[in-house]
Amino acid sequence: MVQALTPALANGADFTAITVDTQSPNGYDYMTIVFQLGATDVALSALKLTESDDDSSYSDVTGGGFTGSNLPSATDDGKNWVWNVQLSGARKRYYKVVATAASGSTGAQGACLAILANYTEAPFNATTQNAKAIINL
């Protein structure tokens, strides 16, 4: 599990994206990204997933953008937007979330996590899950 956006308040600006490397520390098969909107008085004008081979030049993932009524609105406090990504095939190595808040009196609070997994072996320790502590049941 890694951060995909720095948790922050954005007002008329982009949230700060963090690169998600799907091959570090060991290649992954599947990724779930969750964007969580906190308190907001504005809509988001963009919420999309981008990908790159080199962590330098990014392009939009086809079908990876929320549009129209699926974009976060000014009344969507506490809701989540989720991407489920099968990483095999023609997928690229690096991903970034683009999230842009419109301008308002306060703005939008948001955060984003990427959960990376393998189908054949689950990461069962705090180091591989980038966590301070975990409980395995």
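The values are calculated or read from the model by the stated rules, or taken from the named source; none is laboratory data. What you see is a predicted model; the values in this text were computed from it and never measured. Note that each Cβ is placed from the backbone with ideal geometry, even for glycine, and that neighbours are counted across all protein chains shown. Areas reflect the complete protein model, heavy atoms only, side chains present, ligands, DNA and RNA absent. Shrake-Rupley method; radii C 1.70, N 1.55, O 1.52, S 1.80 Å.
Being at pLDDT 95 or above, within 14 Å of the chain's Cα centre (by Cα) and open to solvent by 50 Å² or more (accessible area, probe 1.4 Å) is not true of residue 6. For beta carbons closer than 6 Å, sequence separation of 6+ or different chains, a first residue in segment 72-97 that is under 11 Å from residue 31 (Cβ atoms) and a second that is modelled with pLDDT of 95 or more and part of a strand (DSSP E or B), the qualifying pairs are 83/49; 95/20; 95/51. Screening 85, 34, 42, 97 for residues that are more than 23 Å from residue 127 (Cα to Cα) and part of a strand (DSSP E or B) leaves exactly one candidate, 97.
On inspection, residue 29 qualifies as acidic (Asp, Glu), under 18 Å from residue 116 (Cα atoms) and open to solvent by less than 70 Å² (accessible area, probe 1.4 Å). Of all the listed residues (88, 59), the sole one being farther than 21 Å from residue 118 by Cα and either open to solvent by 40 Å² or more (accessible area, probe 1.4 Å) or among the small types (Gly, Ala, Ser) (or both) is 59. Checked against the criterion of being touching a Gly at 6+ places or on another chain (Cβ under 8 Å) and not charged (D, E, K, R), the candidates 50, 67, 75 yield just one match: 50. In segment 9-26, the condition of being farther than 19 Å from residue 57 by Cα, open to solvent by 40 Å² or more (accessible area, probe 1.4 Å), modelled with pLDDT of 95 or more and not in a loop (DSSP other than H, G, I, E, B) is met by at least one residue.
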